[in-house]
Amino acid sequence: MRVGLSSDAAPGATIAELLDTCERRGLGVLELRVGGVDTAALHDVLRAGAHNESIAGLFADDASYSAGLVSAASASNVTVVLDSGASYASRMVEARRAAPRGCTVLPLMSGPAVRWLDAAVLARVPFAWQIDETCTDPAGDAAQILHHASLLAYVRLVGGGPEGVMQEGRGIGAVMKQLTLAGYAGPLILTPSSPRYRVAWATWLGRRGGWGCGSKAERSTSLKLATRTGESPI
Amino acid sequence: MNTNERVLDVRVIPPREKHPTIFDTFMALEPGESFVLVNDHDPKPLRYQFEYEHAGEFGWEYLEQGPVVWRVEISRTAA
């Protein structure tokens, strides 16, 4: 599992700034929204190939989908996640149709797994799973999806990062446990649920230390007071 | 990096669910199995909790010790 960041978390940032932010925050990979980052710069980055290991995927919707960009991603061996507005079944068809030979275009699947998983399994289509507010039982869905773990190629967690505290009780811990035990090795992308959390994300991404888990990390910046040798402490 | 290793990145998990998730994952391991815990601070208190609740049943090996990310391989030893 490689936890990463969506470029939606820092609108307006350049790709270089996003890569730097990921490194500073200890996030292994970056997802770039087509249309959300500078297209020319995106082509340059894909062409250069210097950051392919750090780019988990390109995220495109119907409006931003570009055959040229998908081809460029293909040449760089970068995955494309396609958020097609079509029905669940046609999302898989759309993803296959959108994929040039050798390119991985994953349909984005969201909502209760019971509505789409059987179709994906029947068609043997690898997919990206999005955990968002339409997913009412993430842990139950994870259990079903991981029965077909080879098809799960990408995970997006909408409302992760600094919004995580608001996810309490939704079963995200249980999802993570299941992904871990299944040996899921793909990306898990954190992305904001709404632009209204922009400040929270900016603050979170700017921090170097942890949020803690009920315990405090040792901080190298903390002051240590010591008495001088030979003097009595005051 | 071994892509088949089991990784539990607890930075993703809501704060109050972190420790229960870690212990649930540990309890699901067979003896000899392990997972790599990823955290944004040194999980020393977690280790103390392991020592208190699972003395002699776990292995703890730091793979990376900050300053941004801590990785600890937690294994289940034979009971």
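The values are calculated or read from the model by the stated rules, or taken from the named source; none is laboratory data. Computed from a prediction, not measured in an experiment: that's the story for all the values here. Counting neighbours? That spans all protein chains shown, and the Cβs are built from the backbone with ideal geometry, glycine included.
Listed values, structure above:
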read-out: Those helices (runs of 4 or more DSSP H) lying entirely in region A:100-186 with at least 2 residues more than 12 Å from chain B (Cβ to nearest Cβ) and of a type in the set (A, V, I, L, M, F, W, C); value: A:117-123, A:138-145
read-out: Residue within region A:167-185 that is farther than 28 Å from A:Leu205 by Cα and either without any contact (Cβ under 8 Å) to a residue 40 or more places away in the chain or surrounded by fewer than 16 Cβ atoms within 10 Å (Cβ to Cβ) (or both) present; value: yes
read-out: Looking only at region A:91-102, and only at residues there that are at pLDDT 80 or above and surrounded by 14 or more Cβ atoms within 10 Å (Cβ to Cβ), the one that is nearest to A:Ser76 (Cα to Cα); value: A:Ala95
read-out: Residue satisfying condition, being at pLDDT 95 or above and within 18 Å of the chain's Cα centre (by Cα), within set A:Gly173, A:Gly111, A:Gly160; value: A:Gly173
read-out: Residue tally, condition part of a loop (DSSP other than H, G, I, E, B), at negative phi and surrounded by fewer than 19 Cβ atoms within 10 Å (Cβ to Cβ), over region A:6-24; value: 3
read-out: Matching option when the condition is more than 13 Å from the chain's Cα centre (by Cα) and either crowded, with 19+ Cβ neighbours inside 10 Å or touching a residue at least 60 places away in the same chain (Cβ under 8 Å) (or both), among B:Glu17, B:Glu30, B:Glu53; value: B:Glu17
